[in-house]
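Asks: What follows is a structure written as structure tokens; I'll ask about it next.
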Amino acid sequence: LVASTLTLAVALAEGTFALGAIEAGINGHPEAAIASLDLTYVFVHIFLILPAPLLFLALGTVLLNSEVLPKLFSILALVLGVGFAVAGLAGFFSTIAITIGIFLQIGQELWVLVAAIVIIIQTRKVP
């Protein structure tokens, strides 16, 4: 619940600054647009450091003792959680780590997609 709340808060704040940058640009305030864009970049670090690792480490831990998904999904969720944390902290020192974090986010989306497909297939097999 905490991880989901943090994820939502980060997404809302990032979206607010992105919209603020657009509005500032439309209204002829280039300095405000630049400041808003700079603030949106901060949320890449925040997401990778706290909400993403919390969410996937908790999810992986819960799935370890569950039969909802195959064990591979729990292991991949734990790997993603650790990867997010490492990439987030390393991102303070390297732009390559941020790029790795973006690829981890792509992996997260693929994880969700494949997990959804597996759950749909499993529910169709249940009489």
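The values are calculated or read from the model by the stated rules, or taken from the named source; none is laboratory data. In this text the structure is predicted, and so the values were computed from the model without any measurement. Heads up, the Cβs are rebuilt from the backbone with ideal geometry, glycines too, and the neighbour counts pull from every protein chain shown. Side chains included, ligands, DNA and RNA excluded: accessible areas come from the protein's heavy atoms. Shrake-Rupley method; radii C 1.70, N 1.55, O 1.52, S 1.80 Å.
Asks: Inspect region 53-62 for any residue being touching a residue at least 12 places away in the same chain (Cβ under 8 Å), of a type in the set (Phe, Trp, Tyr) and open to solvent by 40 Å² or more (accessible area, probe 1.4 Å) and give the result as yes or no.
Replies: no
Asks: Confirm whether Ser4 is of a type in the set (Gly, Ala, Ser), farther than 19 Å from Phe103 by Cβ, in contact (Cβ under 8 Å) with a residue 12 or more places away in the chain and loosely packed, with under 14 Cβ neighbours inside 10 Å.
Replies: yes
Asks: I've got another one for you. Do we have any residue at all in region 14-25 that's touching a residue at least 12 places away in the same chain (Cβ under 8 Å), among the β-branched types (Val, Ile, Thr), open to solvent by 60 Å² or more (accessible area, probe 1.4 Å) and in a helix (DSSP H, G or I)? Before the answer, list the steps.
Replies: Going through region 14-25, the residues touching a residue at least 12 places away in the same chain (Cβ under 8 Å) turn out to be 14, 17-18, 20-21, 24.
Narrowing the set further to residues that are among the β-branched types (Val, Ile, Thr) leaves none.
The answer is no; no qualifying residue exists.
Asks: Exactly one condition in (1) closer than 24 Å to Ala9 by Cβ; (2) open to solvent by 20 Å² or more (accessible area, probe 1.4 Å); (3) out of contact with any Pro (no Cβ under 9 Å at 6 or more places or on another chain); (4) part of a helix (DSSP H, G or I) is false for Ala85; which is it?
Replies: (3)
Asks: Okay, moving on. Looking at (1) in a loop (DSSP other than H, G, I, E, B); (2) free of Cβ contacts under 8 Å to residues at least 40 places away in the same chain, which is the only condition Leu69 fails?
Replies: (2)
Asks: Sticking with this structure for a sec: Using the structure shown, decide if Leu48 is out of contact with any strand residue (DSSP E or B) (no Cβ under 7 Å at 6 or more places or on another chain), in contact (Cβ under 8 Å) with a residue 12 or more places away in the chain, surrounded by fewer than 17 Cβ atoms within 10 Å (Cβ to Cβ) and in a helix (DSSP H, G or I).
Replies: On the way: out of contact with any strand residue (DSSP E or B) (no Cβ under 7 Å at 6 or more places or on another chain): yes; in contact (Cβ under 8 Å) with a residue 12 or more places away in the chain: yes; surrounded by fewer than 17 Cβ atoms within 10 Å (Cβ to Cβ): no; in a helix (DSSP H, G or I): yes.
Criteria not met by Leu48.
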